[in-house]
Amino acid sequence: MAFFYEEPSHTFSEYLLVPSYSSAECIPSNVSLRTPLCRFRRGEEPPVSLNVPLTSAVMQSVSDDRMAVALAREGGLSFIFCSQPIESEAEMVRRVKRYKAGFVANDSSIGPDETLADILALKDRTGHTTVAVTHDGSLTGRLLGIVTSRDYRVSRMDASAPVRDFMTPIDKIVFARDGLTLSEANDILWEHKLNALPVVDNEGNMVAFVFRKDYDMHKENPLELLDAQKRYAVGAGINTRDYEDRVPALVDAGADVLCIDSSEGFTEWQRRTLAWIRGRYGDAVKVGGGNVVDEEGFRFLAEAGADFVKVGIGGGSICITREAKGIGRGQATAVIEVARARDRYFEETGVYVPICSDGGIVLDYHITLALAMGADFCMLGRYFARFDESPTNRVMVNGNYVKEYWGEGSSRARNWQRYDSGDSASIKLSFEEGVDSYVPYAGTLRENVTETLSKIRSTFCNCGALSMAEMRRKAKLTLVSPVTLVEGGAHDVILKEAVKRAK
Ligand code: RVP
């Protein structure tokens, strides 16, 4: 006889938090959302933590190097998608590691024998008013001077005038040697009243510019997530097929944490992948597993050596696994059960294995609920896909800007390794588990994450909690009836927005 769960499974929208006493210290600026990312022993510090409990999904339409930089700057972590050749995934990791906030790689150079007309054409093309003049006109050539709009008067000069005649030559400009910090560069900009500072290597070759206008934006963020060498932290996805090649390439590239990207993680394939990594690297390489939705799945991965365990099957916004295969579980119920399993495992073994609630976050408060229910952090796809920093196109649909967003199980992504059933004949699956879609465009990551985090901190205060652990201890959660849900939105009023739209 099959096993039947006594209770139906629930999702986030069916729960609310009931406030507790808030003391005078309970103000949002006192709330810390720092949380462990990887396993640790009782009494020890977690080896890797997040400063905010957000990670971006291992998906082509979400997590590339640009997203990774933007999210690490806010204190979270991206997992670069693995449905791409090993070398291009490793190159994305390297790009994150090479990235230096505020140092803009030179992207418009010109040669000394080119003309004013060429400068004007370049300005039209790039929008840049500051151009590096290099000996061969290349982006990384030897710096001979710079041209800004103050160096020429279009109405008084011949368009064929050579650049060398009106550029400001190298002996009259202030430049810096590569290796200085952003704050040192900023001091030079202020001391010499410059708008742009060229940075060159030891041979005098052009490397980057630092612009005065950018400094404020790139000033260090107190929450940014950095590695020991002060580079942005980045995660990367792997699969259960090519790990013997992919893992070494990603480790060499500098990935801080790996994650086995799979729709269902309670499998021999994940156990073998984890065993191979432990055999080769011991604990030096951090790797999460998943996804699971119950205690048995959690224990399996914790015992197999996963550094964290991802929770969630079928709840992703682009996911049709439940429709296609009939497997899955309400996300809230899955998180609650796995969080209890994690706590029991910790009591028994003294080893804490963090869990990640993956998929199904629709409203910001769903993140807070997931954390209150016991998730150490969340993974989000749709949420991040809406931002400027996601890798997909922004297009206009019915008068509104939207961004493309597709599932890893869609035929667009062709990530069949994610749905690996171990059968080499089925590596090209014949049915899809994800869709190709649009999501409303929402602007920059920074603006949105700032607002989301302030809502989360504010709710923590309503519950009398100043840390993740305190939130979990103090949270009081209630299931709500469908009627109560209606009461939760604006109701029984005529929204002015709706009237305006109808006109
Ligand atoms: P969401 O945030 O609701 O958009 O969900 C993102 C999650 O959905 C991913 O982290 C992943 O677990 C899952 N996913 C990705 N692709 C697919 C699919 O094609 N079915 N599902």
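The values are calculated or read from the model by the stated rules, or taken from the named source; none is laboratory data. Everything numeric here is computed off the predicted structure, so don't read it as measured data. Note that each Cβ is placed from the backbone with ideal geometry, even for glycine, and that neighbours are counted across all protein chains shown.
Would you mind finding the one in Ala68, Ala121 that is crowded, with 24+ Cβ neighbours inside 10 Å and in a helix (DSSP H, G or I)?
Ala68
What's the total number of residues in region 343-371 that are part of a helix (DSSP H, G or I) and either within 15 Å of the ligand (Cβ to nearest atom) or surrounded by fewer than 24 Cβ atoms within 10 Å (Cβ to Cβ) (or both)?
The number of residues fulfilling the criteria is 13.
Ala105 - would you say it is within 30 Å of Lys172 (Cα to Cα), away from the ligand (no atom under 16 Å from the Cβ), buried (at least 23 other Cβ atoms within 10 Å of the Cβ) and over 21 Å from the mean Cα position of the chain (by Cα)?
So Ala105 fails the test.
Being out of contact with any helix residue (DSSP H, G or I) (no Cβ under 9 Å at 6 or more places or on another chain), acidic (Asp, Glu) and away from the ligand (no atom under 15 Å from the Cβ) is the requirement here; does Glu389 meet it?
So Glu389 does not fit the description; no.
Condition check: assigned to a helix (DSSP H, G or I) and within 23 Å of the chain's Cα centre (by Cα). Does Thr450 satisfy that?
For Thr450, the condition - assigned to a helix (DSSP H, G or I) and within 23 Å of the chain's Cα centre (by Cα) - is met.
Assess whether Ile146 counts as being more than 24 Å from Leu180 (Cβ to Cβ) and more than 19 Å from the chain's Cα centre (by Cα).
Against the criterion (more than 24 Å from Leu180 (Cβ to Cβ) and more than 19 Å from the chain's Cα centre (by Cα)), Ile146 does not qualify.
How about region 453-488: which of its residues are among the hydroxyl-bearing types (Ser, Thr, Tyr) and either touching a helix residue (DSSP H, G or I) at 6+ places or on another chain (Cβ under 7 Å) or not in a strand (DSSP E or B) (or both)?
Hits for region 453-488 are Ser454, Ser458, Thr459, Ser467, Ser481, Thr484.
Among (1) more than 21 Å from Gly315 (Cα to Cα); (2) free of Cβ contacts under 8 Å to residues at least 40 places away in the same chain; (3) of a type in the set (A, V, I, L, M, F, W, C), which single condition is Ile336 missing?
Unmet for Ile336, out of (1) more than 21 Å from Gly315 (Cα to Cα); (2) free of Cβ contacts under 8 Å to residues at least 40 places away in the same chain; (3) of a type in the set (A, V, I, L, M, F, W, C): (1).
Which members of region 303-321 meet the condition of being surrounded by 24 or more Cβ atoms within 10 Å (Cβ to Cβ) and either free of Cβ contacts under 8 Å to residues at least 12 places away in the same chain or under 20 Å from Arg41 (Cα atoms) (or both)?
Ala306, Asp307, Phe308, Val309, Lys310
Cβ-Cβ distance below 9 Å, separation of 6 or more or different chains: which pairs start in region 402-424 with a residue that is away from the ligand (no atom under 13 Å from the Cβ) and modelled with pLDDT under 80 and end on one that is of a type in the set (Lys, Arg) and not in a loop (DSSP other than H, G, I, E, B)?
No pair meets every condition.
Before we move on, is Asp136 within 30 Å of Met157 (Cα to Cα), part of a loop (DSSP other than H, G, I, E, B) and over 29 Å from the mean Cα position of the chain (by Cα)?
yes
In the list Met92, Met59, which residue meets the criterion of being touching a helix residue (DSSP H, G or I) at 6+ places or on another chain (Cβ under 6 Å) and buried (at least 23 other Cβ atoms within 10 Å of the Cβ)?
So the residue among Met92, Met59 that is touching a helix residue (DSSP H, G or I) at 6+ places or on another chain (Cβ under 6 Å) and buried (at least 23 other Cβ atoms within 10 Å of the Cβ) is Met92.
Go through region 91-110 and give me each residue that's part of a helix (DSSP H, G or I) and in contact with an Asp or Glu (Cβ under 7 Å, 6 or more places away or on another chain).
Met92, Arg95, Val96
Looking at (1) buried (at least 22 other Cβ atoms within 10 Å of the Cβ); (2) closer than 30 Å to Asn205 by Cβ; (3) of a type outside the set (S, T, N, Q), which is the one condition that is false for Gly76?
(2)
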